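Below you'll find the structure, written out as C-alpha cells, and then a few comments.
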Amino acid sequence: MKRIAITGSTSGERTILANALSAMAGFDFIASPPYSSIAARYGLDSDLSKCQWPDSFVYCMGAFSQRIIAEQKLEDLYISDGGVLNEISWLKTRYPRIELIYERSMIQGLEKIVADYASKEYDFIFHIDSNDPSDMIDPCLKQLYLHYQIKHHTIDGTNGEDALNQMMGYLQVKPILTAKYALLK
C-alpha cells in the first residue's frame, strides 16, 4: 500500500508538489477541500477571514470528514494534499490562546483523532519544510509529529525537482514522468 500525505504550511507549494508527485508515481491525487465548498455545505460565512471560533471548528471537522471519505474510497495508491494534519494545524494556529476550557478540549479531542488517523492510515508523510520565520503552521505540524510520534520525512521544498526526486526515493516507485515534466503538468 502507498497512502501518502504531503503536509506543510504553504498550500500552493504543497499542492504543486503533491500533484506533481501524483503524476510522477501514477497515483490518485486528493486535494484539500476548499473553504468555499465547506462553507456552502454547512452554512458558514463565505469569507474565511470573518470566520469565528464555532465556524472555524465546523470547517475543520467538515474538511476532515470530506478528506476521510475521499481517502477511504480510493483505499490505496493516493497522494493527499495536506493529509488530515493541515486542517487541525490551521485551527490550532488560528486560535492559539483559547481561554475557555470547553473550546480547548474540543481542539485537543479533534487533534487526538486526527493524529491517530494519520498514524494509522498514511504509509508515508512528507512534510515540506517552511523557511519563513513568521510561519505558525510549520512549527505546529512539527509539534504534532513529535507529541504523537507520527513518522514523517522532512523535505526541503526549495527546489521542486529535488524534493520530488527525494520523495520518490523514499517511495521506491519507478517514475512515470521525470520531476521536471511532472512539475509542468
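Taken together, the values in this text are just the output of simple stated rules run on the coordinates, not laboratory data. A quick note: this is a predicted structure, and the numbers were derived from the prediction, not measured. No Cβ is skipped: glycine too gets one built from the backbone with ideal geometry, and neighbour counts run over all protein chains shown.
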For this session: Could you check which residue among Gly62, Gly26, Gly169 shows the biggest mean-square fluctuation in a GNM of the chain with a 10 Å Cα cutoff?
Result: Gly169
Exercise. Near Lys120, which lysines are there with a Cα under 20 Å away, not counting those fewer than 8 places off in the same chain?
Worked result: Lys2, Lys73, Lys112, Lys142, Lys151
For this session: Just subtract the alpha-carbon distance of Ser36 and Tyr170 from 0.36 nm times their residue separation and send over the number in nm, one decimal.
Result: 44.8 nm
For this session: Exposed loop GluC sites (Glu not before Pro) only (DSSP loop, at most 10 other Cβ atoms within 10 Å): please give the longest stretch of the chain free of them, not including the sites.
Result: 100-185
Exercise. Under unit Cβ charges (Lys, Arg +1; Asp, Glu -1), what dipole magnitude, rounded to 20 debye, does the chain have relative to its Cα centre?
Worked result: 260 debye
Seminar exercise, completed: Per the 1/(1 + (r/R0)^6) rule, R0 = 25 Å and r from the Cβ atoms of Thr93 and Ile69, FRET efficiency to 0.05 is 0.50
Exercise. If the chain between Asp162 and Gln108 were fully stretched, how many nm would it gain, using 0.36 nm times the residue separation less the Cα-Cα distance?
Worked result: 15.9 nm
